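> Structure below; questions to follow.
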Amino acid sequence: MAVSQLISTISDHIVLIILWLLYFFVHSLFASLQFKQLILQYYPRIMPWYRLIFNFLSILLLLPPVFVMFLFPGDVVWQWSGNWRNLANILTLMAVAGFLWSLRSYDNAEFLGTRQLKESRVDITEEGSLKLSVLHRYVRHPWYALALVLIWTRDMNTSFLISAILISLYLIIGSRLEEGKLIAFHGDQYRMYRKYVAALIPLPWRVLSKEKAVEIQNFGKKNDAVKK
C-alpha cells in the first residue's frame with residue numbers, strides 16, 4: 001500500500017471515529033436527566049416534543065457515521081464461512097425476531113414520544129412503572145444485548161470492526177448510565193431486580209423466575225401505594 005493511500009485510509013478511520021464519538025456524546029447528553037431538567041426549567045414548552053426530537057436526532061446523527069462506514073469499508077478482517085456462517089445467520093435472525101417480539105412488552109407510543117405529545121406532558125418521567133418482560137428475566141438490557149448479537153454476527157471489514165468496537169463500548173457504558181436513571185425512578189425496586197439478573201450477557205445462574213419477576217413488580221406497586 002502506498003504511503004498516500006495509507007494516510008488516506010487512516011484519515012477515513014479517524015473521521016469515522018470522530019463521527020461515532022459525536023453521535024454518542026449528543027445521544028447521551030439528550031438522554032441524561034440533568035439535560036432534561038435544564039430543558040424543563042428553561043424551555044418547558046419543549047418537553048411534550050422532547051422524545052420525538054430525541055428520536056429524530058438519534059436517527060439523523062446516525063446517518064453520517066454509517067455513510068462513512070460503508071463508503072470507506074477498508075480491508076476485510078474476517079468473514080464467516082461454512083457452519084459458522086450458518087450459525088451467525090441463525091443468531092442474527094433470532095436477534096431480529098427477539099427484537100420484534102419484545103415490542104409487545106413496551107409502550108411504543110411512549111417510546112416514540114407520541115403519547116407525551118398527545119397528553120402535553122411537561123415532565124421528565126418516561127419510565128412509568130417497572131415492567132419486566134420475558135427477556136428482562138434473562139438480561140437487564142434486552143435491546144442492547146440483541147444489538148450486540150446483530151453486530152458481532154456480521155462479516156467484518158476495518159470500518160465495520162472499528163464501529164462494532166465503539167458501539168459495543170457505548171452500549172456497555174450506556175447501560176450503566178441508563179441504570180442510574182432507572183434507580184432514580186424506581187429506587188430499591190430496581191436495585192432488587194439488578195441483584196438477580198445479568199446486564200448484557202445471559203448467565204444460567206442469574207435468571208429471574210416468573211414468580212420472582214411478579215414479586216419484584218408488586219414490590220414497586222406496594223411502594224407507590226405507601227407514597228400515596
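Read-outs: derived from the displayed coordinates by stated rules, not from any lab. Keep in mind that what you see is a predicted model, and the values were worked out from it rather than measured. In this analysis, Cβ positions are derived from the backbone assuming ideal geometry, glycine residues included, and neighbour counts consider all displayed protein chains.
> Please list the non-local residues whose amide H lies under 5 Å from the amide H of V77, H modeled 1.01 Å from N, same-chain partners needing a gap of 5 or more.
Close amide H contacts, sequence-distant or interchain: M156, N157, T158.
> Here's something else I'd like to know. State, to one decimal in nm², a quarter of the convex hull surface area for the C-alpha atoms of segment 105-195, i.e. the direction-averaged projected area.
It is 7.3 nm².
> For the pair S129 and R191, what calculated FRET efficiency results from E = 1/(1 + (r/R0)^6), where r is the Cβ-Cβ distance and R0 = 22 Å, to the nearest 0.05? Can you show the working numbers first?
Working: r = 16 Å, r/R0 = 0.72.
So, using R0 = 22 Å, E works out to roughly 0.90.
> Which value in nm describes the separation of the simple spin-label points at I18 and W143, placed 7 Å from the Cα toward the beta carbon?
3.0
> Right, next: Pairs K118/K210; K36/K118; K36/K195; K36/K212; K181/K210; K36/K210: which are spaced more than 23 Å apart, C-alpha to C-alpha? Write down the numbers at each step before the final one.
Working: K118/K210 34 Å; K36/K118 19 Å; K36/K195 28 Å; K36/K212 33 Å; K181/K210 25 Å; K36/K210 34 Å.
As for pairs spanning more than 23 Å Cα to Cα, those are K118/K210; K36/K195; K36/K212; K181/K210; K36/K210.
> Ignoring solvent entirely, what values of log10 I(q)/I(0) come out of the Debye formula for the chain at 0.13, 0.17 Å⁻¹ when each Cα is a single scatterer?
Values, matching the q order: -0.94, -1.39.
> Right, next: Going by C-beta contacts inside 10 Å, put Y196, Y138 in order with the fewest on the left.
Values: Y196 15, Y138 18.
Fewest-to-most ranking of Y196, Y138: Y196, Y138.
> Please work out the ratio of the alpha-carbon Rg of segment 85-148 to 2.2 N^0.38 Å and round it to two decimals.
Cα-based Rg divided by the globular estimate yields 1.39.
> Tell me, what ³J(HN,Hα) does each residue in segment 165-171 have, in order and in whole Hz, if you take phi through Karplus 6.51 cos²θ - 1.76 cosθ + 1.60 with θ = phi - 60° and put x for Gly and Pro?
5, 5, 5, 4, 4, 5, 5
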